[in-house]
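*Asks:* Got a structure here, written out as structure tokens. Questions coming.
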């Protein structure tokens with residue numbers, strides 16, 4: 001077990017097999033290649049994507065299906081290749097890949113929390129590789145309001 | 001917005017130094033060739049949007065805001081479902 005300083009939870013330990021590599025980095029954070037994903041009961045269902053190299057770099061994520069149960073992920077061939085997924089078909093969210101949306105809790109001129117559905121984080125759980133997959137033709141918003149997130153009857157019946 | 005009709009092989013200029021040529025049109029796709037000075041940054045719009053949004057998102061992560069987010073947003077009601085979804089998508093491969 002190795003210990004890191006996290007942005008939100010102080011010092012934490014993690015095992016090497018919890019580390020995900022982002023071979024392309026992230027737009028705006030091109031030097032950040034290694035992240036660990038943290039979750040804890042008190043902040044469920046949020047996930048924290050903590051950089052291994054800089055404690056100050058941490059993203060808050062929500063499972064994309066929790067925001068939009070009908071979300072359609074469309075990965076172009078180059079993204080499938082980067083994730084080392086089989087070509088020619090889309091991976092299943094939840095089993096083959098974890099797909100999560102970045103949360104912006106608010107900010108200057110932005111009083112309400114939003115999620116970025118345009119550019120989800122997609123993780124290949126087996127290979128421990130991650131990318132940010134921009135959904136160019138999807139029409140999904142990069143500032144989808146979280147306040148509109150209401151309980152969905154069909155969601156409840158799935159559980 | 002200025003609207004201009006061009007065919008493949010035709011081009012247009014923005015200012016004196018930027019030239020955009022329509023190279024190929026195929027169905028809903030258009031291939032463009034761009035000639036511009038090195039100082040002019042050219043990128044897809046969604047790339048810029050994603051970069052800005054990443055920076056905003058990272059800057060918005062504070063402990064106190066996280067808990068107010070959990071209170072403000074009706075995530076609690078879909079908690080059970082979210083658990084089900086994440087139960088099959090563990091955070092480490094070791095758990096799978």
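*Asks:* If a residue must be more than 9 Å from chain B (Cβ to nearest Cβ) and over 12 Å from the mean Cα position of the chain (by Cα), how many such residues does the range A:23-50 contain? Show your work before the answer.
*Replies:* Kept after step one, since they are more than 9 Å from chain B (Cβ to nearest Cβ), are these residues of the range A:23-50: A:23-25, A:30-35, A:40-41, A:49-50.
Those left that are additionally over 12 Å from the mean Cα position of the chain (by Cα): A:23-25, A:30-34, A:40-41.
Of the residues in that region, 10 qualify.
*Asks:* Assess whether residue A:52 counts as being farther than 23 Å from residue B:46 by Cα and modelled with pLDDT of 85 or more.
*Replies:* Working: farther than 23 Å from residue B:46 by Cα: yes; modelled with pLDDT of 85 or more: yes.
It is true that residue A:52 is farther than 23 Å from residue B:46 by Cα and modelled with pLDDT of 85 or more.
*Asks:* Further question: For the range A:100-120, how many residues are more than 7 Å from chain B (Cβ to nearest Cβ), in a strand (DSSP E or B) and farther than 19 Å from residue B:73 by Cβ?
*Replies:* Filtering the range A:100-120 down to residues more than 7 Å from chain B (Cβ to nearest Cβ) leaves A:100-101, A:108-112, A:114-115, A:117, A:120.
Right, trim to in a strand (DSSP E or B) and you get A:100-101, A:110, A:114-115, A:117, A:120.
Subsequent filtering for residues that are farther than 19 Å from residue B:73 by Cβ retains none.
Residues flagged as more than 7 Å from chain B (Cβ to nearest Cβ), in a strand (DSSP E or B) and farther than 19 Å from residue B:73 by Cβ within the range A:100-120 amount to 0.
*Asks:* When you go through (1) at pLDDT below 95; (2) more than 9 Å from chain A (Cβ to nearest Cβ) one by one for residue B:14, which number turns out not to apply?
*Replies:* For residue B:14, the exception is condition (1).
*Asks:* Of the residues in the range A:1-27, how many are in a loop (DSSP other than H, G, I, E, B), in contact with a helix residue (DSSP H, G or I) (Cβ under 7 Å, 6 or more places away or on another chain) and surrounded by 18 or more Cβ atoms within 10 Å (Cβ to Cβ)?
*Replies:* 2
*Asks:* In the range A:75-83, is there at least one residue being at the interface with chain B (Cβ under 9 Å from one of its Cβ atoms), buried (at least 18 other Cβ atoms within 10 Å of the Cβ) and under 20 Å from residue B:54 (Cα atoms)? Steps first, answer last, please.
*Replies:* Restricting attention to the range A:75-83, the residues satisfying the condition of being at the interface with chain B (Cβ under 9 Å from one of its Cβ atoms) are none.
Checked against the condition, which is being at the interface with chain B (Cβ under 9 Å from one of its Cβ atoms), buried (at least 18 other Cβ atoms within 10 Å of the Cβ) and under 20 Å from residue B:54 (Cα atoms), the range A:75-83 yields no hits at all.
Each row is one residue, and each column tells you yes or no for (1) within 30 Å of residue A:10 (Cβ to Cβ); (2) touching a helix residue (DSSP H, G or I) at 6+ places or on another chain (Cβ under 7 Å); (3) without any contact (Cβ under 8 Å) to a residue 12 or more places away in the chain.
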residue	(1), (2), (3)
B:24	no, no, no
B:28	no, no, yes
B:36	no, no, no
B:46	no, no, yes
B:49	no, no, yes
B:53	yes, no, yes
B:59	yes, no, yes
B:64	yes, no, yes
B:68	yes, no, yes
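So that you can scan it fast, the table gives a plain yes or no per residue for (1) in contact (Cβ under 8 Å) with a residue 24 or more places away in the chain; (2) on the phi > 0 side of the Ramachandran plot; (3) touching a strand residue (DSSP E or B) at 6+ places or on another chain (Cβ under 8 Å):
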position	(1), (2), (3)
A:29	yes, no, yes
A:47	yes, no, yes
A:56	yes, no, no
A:65	yes, no, yes
A:74	yes, no, no
A:84	yes, yes, yes
A:97	yes, no, yes
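*Asks:* Continuing with this model, one more query. Please go through the range A:66-99 and give me each residue that is part of a strand (DSSP E or B) and in contact with a helix residue (DSSP H, G or I) (Cβ under 9 Å, 6 or more places away or on another chain), ordered by number.
*Replies:* First, the residues of the range A:66-99 that are part of a strand (DSSP E or B): A:93, A:97-99.
Across the range A:66-99, the qualifying residues are A:93, A:98, A:99.
*Asks:* Identify, by number, the condition in (1) on the phi > 0 side of the Ramachandran plot; (2) surrounded by 20 or more Cβ atoms within 10 Å (Cβ to Cβ) that residue A:113 doesn't meet.
*Replies:* Condition not satisfied by residue A:113: (1).
Residues are listed down the side, and each one gets a yes or a no for (1) under 24 Å from the mean Cα position of the chain (by Cα); (2) part of a loop (DSSP other than H, G, I, E, B); (3) closer than 30 Å to residue A:143 by Cβ:
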site: B:7; (1), (2), (3): no, yes, no
site: B:19; (1), (2), (3): no, no, no
site: B:22; (1), (2), (3): yes, no, no
site: B:37; (1), (2), (3): no, yes, no
site: B:43; (1), (2), (3): yes, yes, yes
site: B:57; (1), (2), (3): yes, no, yes
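The values are calculated or read from the model by the stated rules, or taken from the named source; none is laboratory data. Treat the numbers as computed from the prediction; the structure is a model and nothing was measured. Don't worry about glycine lacking a Cβ; one is built from the backbone with ideal geometry, like all the others, and counts go over all protein chains shown.
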